Amino acid sequence: MYAPGVNSSTTLSSSSSYNNDRPPSAEAVEVATDPASGGFFNSDYKKHDDLKQMLDSNKDNLKLEAMKRIIGMVAKGREASDLFPAVVKNVVSKNIEVKKLVYVYLVRYAEEQQDLALLSISTFQRALKDPNQLIRASALRVLSSIRVTMIVPIVMLAIKDAAADMSPYVRKTAAHAIPKLYSLDQDQKEELIQVLEKLLYDKTTLVVGSAVMAFEEVCPERIDLIHKNFRKLCSLLVDVDEWGQVVIINMLTRYARSQFTDPNLQDVDEDEESKRPFYEDENEVDEEQQEKRAPTLDPDHRLLLRSAKPLLQSRNAAVVLSVAQLYHHTAPRSEVHQVAKAMIRLLRSHREVQDIVLTSIAATATRRKVMFEPFLKSFFVRSSDATHIKLLKLEILTSLATESSVGIILRELQTYVAAHDPPFVAAAIQAIGRCASNIKEVTDTCLNGLVSLLSNKDQAVVAESVVVIKKLLQTQPSAHREIIIQMAKLVDSVTVPQARASILWLLGEYSERVPKIAPDVLRKMAKTFTSEEDIVKLQVMTLAVKLCLTNPKQTKLLCQYVLQLAKYDQNYDLRDRARFLRHIIFPADAESGGPTRLSKQAKKIFLAPKPAPVPESHFKDREQFQLGSLSHYINTKANGYQELPPFPLEAPDPKARDVETEPQVMEQAPLFTAKKVSSKKDSKFYSDTESPDESEEDENSSDEDDDDDEEEEDSSSDKDEEEDDNEDEESSGLEEKLPKKVVKSNAKPKSDEEEEEDESDEDDSSSESVSDSDSEDESSEPSSVPKKQTRNAKPAKESTPVVKPKSNLDLLLDLDDVSPAFTPIMTPSLGGFLTPMSTPSSQVKTQLFPDIQPASAVISPNTTSELLNKINSSGLEIKYRFTRSPHLYSPSMASAELTFHNHGPDELTDIRVGEKPTSGGVSIHDFAPIPSLSPGSSLMGTIGVDFADSTQPVNFEIKIGSDRTYPVALKVPVGEVIRAVTMSEELFLKQQGGLRGMNENTAKLSLTKPCSDLKSLTNKILTVANLGVIPNSDSSTLRFAAQTLSSKSTVLVSLLSSDNQNLTITVNCEKMVIGSMLITQLKACLAD
Amino acid sequence: MIHSLFIINPSGDVFMEKHWKSVISRSVCDYFFDHQRKASSPEDIPPVIATPHHYLISVYRSSMFFVAVCTTEVAPLFVVEFLHRVVDTFEDYFSECTESIIKEHYVVVYELLDEMLDNGFPLATESNILKELIKPPNILRTIANTVTGKSNVSSTLPSGQLSNIPWRRTGVKYTNNEAYFDMIEEVDAIIDKSGSTVCAEIQGYIDCCIKLSGMPDLSLSFVNPRLFDDVSFHPCVRFKRWESERVLSFIPPDGNFRLMSYHIGSQSIVAIPVYVRHSLCLRESGSGGRLDITLGPKQTLGRTIENVVLEIPMPKSVLNCGLVTNQGKYTFDPVSKLLVWEVGRIDVTKLPNIRGTISLQSGSPPVEANPSINVS
């Protein structure tokens, strides 16, 4: 396995290894293998000799054993640095586990043994060129983790190379290495930012999270680097790993605060009004409605909020809280409450999570009461909660208290007072006090309740109540003489100093209400003065002085006595206070010059009306920190905390974020440019919209997934090949490309190029992108369409190493290693699955007409028709709807979505397709049989029908159970037997030229009401028929194209308007019947 | 992000430490011990402790403290959540996570920690990926490794890491394809003295054990999905599909995982399956106290209730209990003052009952409140 020769050559002159003097003999090894022999260990001077011996042996398992023991020492925190030379030479070991453990050791001790650590560097440099991506990545990881300043240039080079690596995993490692190098040498910042910029442009979900993390650590102030990536980050957000999501959302919150204007500046009132109704059906509210609600919101701002929202459903509490803080800090006021429910859910998590979430809620609740009011009961304290959790819950309960809810809260608080947990009881009493002073209606009730607590058996309860009552009385001292008297009596029994001090203060303040009692209490206190606590002594003095001023006859002597006692107290505060008071009250003592000016004012000074304390949440001042951050939790600025900037008054130029298309175009789906530029931008947008048609497509596609994986695999691997071919062509065309070795995906070079262009003329980016796609039509279209449809598969595809002809051999070899990753991965994660999968049909057609591309339907009609009536079938109702997405089974099938609903009283079992037509080219692919459908429930299914390019209803049977059979007829509108395609304008005209005469149908039509813009008709037409929009230079003409499903004959529709009212529709189609039926349909739809 | 991790056992020994950046002396844990001393129970230690130069963020699981040390601003929940994930991973690997198990498998633990964080930032936390990188230990593999000289560490990158479904490993094959689903529902209720429910909520989980070959794509539909209005999902669930159709559609990870958890809040009506009739009187004419508790079923829809356990944390002054049960066993721990009654199944015809006397410490202050009763 491992020749001794190699061993000795790699040991070099490294240290005085035991081994160099005496080559390992079999016997020596045998002795050493017995690790249990404790004798070796205990003798101090050669305690690690056995380990060294094992490390120098040529047997892997001995080395492994030794390494394991060394790691054990490292893990326990024991010193193992003297083994460094012996361990480091094993860095070349072939055994992967030994190597890994050596890496772990190296990272731990390299800092202490810098010179020796350098010996290992060449190994890593070699490994950085390894064909195996795991080895490349781990070499970079270890290399960058070795904190030795000498190797900074080497690491810098390695990071640069790795950032351009074709494996996303290696690029991710490069992103991780950036902050490591930065912390080692801050001077590298500029260079690192350049690398980082490149990594931020990366479109792989694996990389972006780490890249943003590096951004936050290295250059959080360079917000300009985010502009171009903003939309990409938003759309990738759901697919990034959980940890990346947290970092990205936190960063984007800061970004949003600096780039968008405050959504709450205007129309505050309107928001308040619309709060309730929207809350309930939040999920149904579609995008447009949301736009209506906050018309001033920047589309990008909306995009951010919309793409973060699904993450509230994440299992990771950190992600949920980060979304919550995003909404808290940047969302319009009317939308913030959406996060409350998810935050409440986190309260069932671990204790630590609860604590942090409750802290956040407590801080939020001081400002947004309404948000958590519906969840009041979730904050009720359980006996099993830890004390700090209980205290937080109390805090929240009190801040949430309103006139309506205070009753139920007080009832709870009453129960808490009887609990076992002293700090909690104290807090509960304080909470009652806070409720009482915040809500005037209950003040008296609370006060009575608190007074009754004064007779409680527990000292602590009494003391706490006294303190709270004192505060309450300050707010309304008028009518509470009895309470003051009762409290004065307590002086004899209460021992808690805080409470005694409170009582004394009260007596002093309101002494004129209890003129008899106060002097008596003072007398008692003077007696016990010396044994009191400092805080009580201070209050005794205050009481003495106040009484002396109001009632000098009785108390002057007492006062003097008290001050005299205080003068000789041990505490300097007391002595100071005594001196100060004496000079004001008894100035005559000092000099015989009569009352000074101060003493004349003494009454005003001591008996001035004092403002009542306003009990406030101590969470109020946390507002300055970002919610959920460490600084927020500890309420001090933590090291490295990034301030959340205030919203700018004027938003910075939103064009900075434009990458390819104008945001306007993105916002309205069915428009020419948006459709044509079938770029990744588009597809991302799709994955985020919530319009119903897409969910249909999606449902369809996932049904296909269920059906068979095999086909999917074939098709996509075919696609890969196609894509490869394509890319070769394309990349050879791009001559001024950077000396990048690898093209990661077809999208990559294109966007690079565009970005360059973008910088030069940013103003007309939209027209530029249109022309761009036109010019690149030939090369990019075939791959860009499947691309668009399979956003989910994208990362997998991007990882596909597409090697340019000139790439070096190493990289070619790497293909073998990566191959397992080729398996087509179609899974969508959280949000990605909306986009339909690409289907075999795209492939077939591309071969037939290389220039005609299938396009996905822009609109999928919502009209449903009845397939089976519930009356005919004893309760089963089946409705169908064409989804306009290709059926997986065959591209020539139209897929219809069936909705089964059981209206009957009985359960229906085994619903399936019975006999079906076999002749005339018509065929049906069954929906998955439904084993049972309980009464009142409904289910969905998908059926594929090949209509053989006719619009004849297809007749088949639905069977329920073993004996019931119902004939049904599936009618198809002509608009559904065709499928949208796109092609260039020239091709359209050329094809149209070939379909004249019999194949052409023309109709004239005048609109009932004139339309200003022809384009507004597009929607109407697309609802009726599955047509693809053709880009168009002429504004008075609209062009659409499609193919029939079965025979793939081209269908061309053009709409020409002479003025705003009169239209000429032309339909060219090989199938005359289809042509004429389509024109009738179109006429009918445009007429009304 | 996370600078170092210390694992501390209940007696205050730091028995494992791992540093992802330069080494931080374990003396930083002294701040933690200060707080530990102050706290009355391990639960009361605040999860975040700020020290002059470091921030200690800790979680308490299986009677061990996992203390992460950070030096700069970081979302505390991020660290807490990660630490819990670490413990979950250990539990997944070693089936339980105790001090002795961590000590026994320190190499695997160390390798795992090394893989899970890079420079303090999470790298791979999906158990499917980790299991491909580092094989979980089991006896069979240990023997096989010694014979063949193979190791527990994989030399190739797990394909899942690169795909869009990082949670599932590729090339899974089973001869028997099986999928098991566990529905777990927990009812939390607060009931006042008079027996009326103050608040009750349900927390439910669907845990899966899926052993299916290839890339299965599963859908799970519910009879009445409208009940779930507050849910959280494993990342594999297609959220949009849930939103539109209320169907759980997902490609599952291989092995055990929690598919979803849901929460039914206090706004809706929750049926509580048992009731407790209690009479507890401490300090009865010098001798001690008297206790009489009866359990009964309530709104069970004909199902039997099993594994009932009753816990009463007694006040400090209680010395011992002399109780008689007509069903199940009871134990009283004089140290923690916890009375536990394992009832088992509730039989409707003969309601379980516990009664007897409680001896109190003589001369102790009177007990001011009745203890609360936990039923599970």
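The values are calculated or read from the model by the stated rules, or taken from the named source; none is laboratory data. Quick caveat, the model's predicted, so the values are computed rather than measured. Counting neighbours? That spans all protein chains shown, and the Cβs are built from the backbone with ideal geometry, glycine included. Please note that ligands, DNA and RNA were not included when accessible areas were found on the heavy atoms of the full protein model with its side chains. Shrake-Rupley method; radii C 1.70, N 1.55, O 1.52, S 1.80 Å.
List of remarks:
- Förster-model FRET efficiency, 51 Å R0, A:SER383 and A:LYS59, C-beta, rounded to 0.05: 0.25
- Three-way shape label, the stretch A:490-590, alpha-carbon gyration tensor, a/c 1.5: oblate
- For the stretch A:421-462: rounded, prolate or oblate by the Cα gyration tensor [a/c cutoff 1.5]: oblate
- Loop-resident trypsin sites (Lys or Arg not before Pro) (DSSP state other than H, G, I, E or B) in the stretch A:484-549 with no more than 15 further Cβ atoms inside 10 Å of their Cβ: A:LYS516.
- Segment A:ASN448-A:VAL1073, extension gain: residue separation times 0.36 nm, minus the distance between their alpha carbons: 216.0 nm
- Label separation (A:ASP653 vs A:LEU157): 4.0 nm, computed from points 7 Å beyond Cα along the C-beta direction.
- At R0 = 30 Å, FRET efficiency that the Cβ-Cβ distance of A:THR402 and B:ARG258 yields, to 0.05: 0.20
- Point-to-point label distance, B:LEU280-B:LEU351, nm (Cα→Cβ direction, 7 Å offset): 1.8
- Net charge, B:PHE15 excluded, C-beta distance under 14 Å - Lys, Arg +1, Asp, Glu -1: +1
- Which listed pairs, of A:LYS870/A:LYS959; A:LYS393/A:LYS610; A:LYS537/A:LYS620, have C-alpha distances above 23 Å, in listed order: A:LYS393/A:LYS610; A:LYS537/A:LYS620
- Remark on B:ARG61: its backbone amide H falls under 5 Å from those of B:PHE66, a criterion applied only to residues 5 or more positions apart or on other chains, H modelled at 1.01 Å from N.
- Other-chain or far-sequence residues with amide H under 5 Å of B:VAL198's (modelled H): B:ILE190, B:ILE191, B:ASP192
- Listed cross-link partners A:LYS457/A:LYS524; A:LYS63/B:LYS135; A:LYS1083/B:LYS240; B:LYS38/B:LYS337; A:LYS489/B:LYS337; A:LYS76/A:LYS160 are compared with a 29 Å cut-off, the Cα-Cα value being larger for A:LYS1083/B:LYS240; A:LYS489/B:LYS337; A:LYS76/A:LYS160.
- Distance from the alpha carbon centroid of the stretch A:364-389 to that of the stretch B:17-96 works out to 25 angstrom.
- Take every pair of alpha-carbon atoms less than 8 Å apart whose residues are at least six positions apart; their mean separation over the length of the stretch A:183-269 yields a relative contact order of 30 percent.
- Zone of A:SER531's modelled label, taken as backbone nitrogen in the stretch A:458-497 under 17 Å from a point 7 Å along Cα→Cβ: A:491-497
- Whether the stretch A:351-441 is rounded, prolate or oblate, judged on the alpha carbon gyration tensor where a/c under 1.5 counts as rounded: oblate
- Counting Lys and Arg as +1 and Asp and Glu as -1 over every other residue whose Cβ lies under 11 Å from the Cβ of B:VAL231, the net charge comes to +1.
- Restricting the stretch A:349-434 to trypsin sites (Lys or Arg not before Pro) in coil, as DSSP defines it, with at most 14 other Cβ within 10 Å: A:ARG382
- Probe 1.4 Å, protein heavy atoms only - accessible area per residue of the stretch A:89-231 in square angstrom: 30
- When the GluC sites (Glu not before Pro) in the stretch A:478-559 are filtered for DSSP coil states and for at most 12 other beta-carbon atoms within 10 Å of their beta-carbon, the remaining sites are A:GLU512.
- Near A:ARG884, the amide H atoms lying under 5 Å from its own belong to A:SER895; only residues 5 or more places off or on other chains count, and H is placed 1.01 Å from N.
- If R0 is taken as 30 Å, the Cβ-Cβ distance between A:LYS959 and A:SER934 corresponds to a FRET efficiency of 0.95.
- Inter-probe distance in nm under a simple model that places probes 7 Å from Cα toward Cβ, at A:LYS567 and A:HIS903: 10.2
- Note on A:GLU512 and A:LYS189: the extension gain reaches 109.1 nm, defined as 0.36 nm multiplied by sequence separation minus the Cα-Cα distance.
- Between A:GLN459 and A:ASP576, the contour length at 0.36 nm per residue exceeds the Cα-Cα span by 38.9 nm.
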